[in-house]
1. Quick one: of Lys23/Lys99; Lys7/Lys62; Lys30/Lys99; Lys7/Lys30, which pairs are farther than 22 Å apart, Cα to Cα?
2. Any chance you could run the full-extension gain for Arg241 through Lys18? It's 0.36 nm times the residue separation minus the Cα-Cα distance, nm to one decimal.
3. May I ask you to compute the full-extension gain from Glu87 to Ala208, defined as 0.36 nm times their residue separation minus their alpha-carbon distance, rounded to one decimal in nm?
4. By counting other Cβ atoms within 10 Å of each Cβ, how are Ser203, Ser60 ranked from fewest to most?
5. Too long at a 32 Å Cα-Cα cut-off: which of Lys18/Lys38; Lys88/Lys225; Lys38/Lys216; Lys88/Lys231?
6. If the chain between Asn72 and Ser40 were fully stretched, how many nm would it gain, using 0.36 nm times the residue separation less the Cα-Cα distance?
7. GluC sites (Glu not before Pro), restricted to region 3-43: which are DSSP loop and have at most 10 other Cβ atoms within 10 Å?
8. Among Lys218, Lys99, rank each residue by its count of other Cβ atoms within 10 Å, from fewest to most, as a rough exposure measure.
Amino acid sequence: MSNEENKFYVYMYLDPRKPGAFKYGDFEFKYEPFYVGKGSGDRMYAHLHESKLKEKFFKSRKMNKIIRLGYNLRDGFILKIKDFLTEKESIDLEILAIKTIGRRDLNLGPLTNQTNGGDGLVGAVRTNSWKRKISKSHLGKNLSEEHKRKISITQTGRRLSEEHKKSISLAGMGRLAWNRGMEMGPQTEERRRKCGIAIRKLSYGQMAEAMNLYDKMKSARNVAKIFGVDKSTILNIKNNRQKYFNEEEKRRI
């Protein structure tokens, strides 16, 4: 196995304010551990740089602790548990260390890790406060056209599993539509009028071709660009496919 494949390691952050004999299974430390991570290169020091970023309006428990410790976190308190590992070996060891030492948010130990390790998502505990902060951080953000295009491309052809569809359905049960009971304003009526005009510009063959493309691409935006109409026009045809095609068939008879 090449050295390139064995470039990973698992590291630990220790609290210099809490000396003692800390033993967790096969893991032993002279200071209380508070964070486990894996990586390669200078990854183990990356959190020190992150803690200095002023644009972050909130910090994690780990980051808050690093900020409080400041320059006390010298090399002796950021150490490698094991080096020269493959990525899989480093993932397995990180997961084992977190499980053995224990997470603070689960009241199982001193670690500030908020996941079980490995992929960074499994076992994550998301508090309501955390969700509100994330929601707030996205308010007012406008995606560039390039960003939107990339999102559209990644979603093209994506198919949801039946289990995923069921989960979405269950999550939406009991929710009221945000516009339920609201009267249609002039802007909405104008949009509907324009959408109707755009649809009438498309022939039956074009509408059928648009729907065939939509069934393959699963992207109303991309299909709309091809036919030179608004995205809402394609969605209108899709949602009323039976209606438009039946009317056209009647006119042809």
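1. In this structure, Lys7/Lys62; Lys7/Lys30 exceed 22 Å between Cα atoms.
2. Contour length minus the Cα-Cα distance gives 73.5 nm.
3. Working: separation 121, 0.36 × 121 = 43.56 nm, distance 4.94 nm.
Full-extension gain reported as 38.6 nm.
4. Placing the least packed residue first, the sequence is Ser203, Ser60.
5. Numbers: Lys18/Lys38 23 Å; Lys88/Lys225 44 Å; Lys38/Lys216 41 Å; Lys88/Lys231 44 Å.
Beyond 32 Å: Lys88/Lys225; Lys38/Lys216; Lys88/Lys231.
6. Full-extension gain reported as 9.2 nm.
7. Counting only loop positions with at most 10 other Cβ atoms within 10 Å, the GluC sites (Glu not before Pro) in region 3-43 are Glu4.
8. Details: Lys218 15, Lys99 18.
Going from sparsest to densest Cβ surroundings: Lys218, Lys99.
Laboratory data are not the source of any read-out in this text; all were calculated from the coordinates shown. Computed from a predicted structure; not experimentally measured. So basically every Cβ, Gly included, is an ideal-geometry build from the backbone, and we count neighbours across all protein chains shown.
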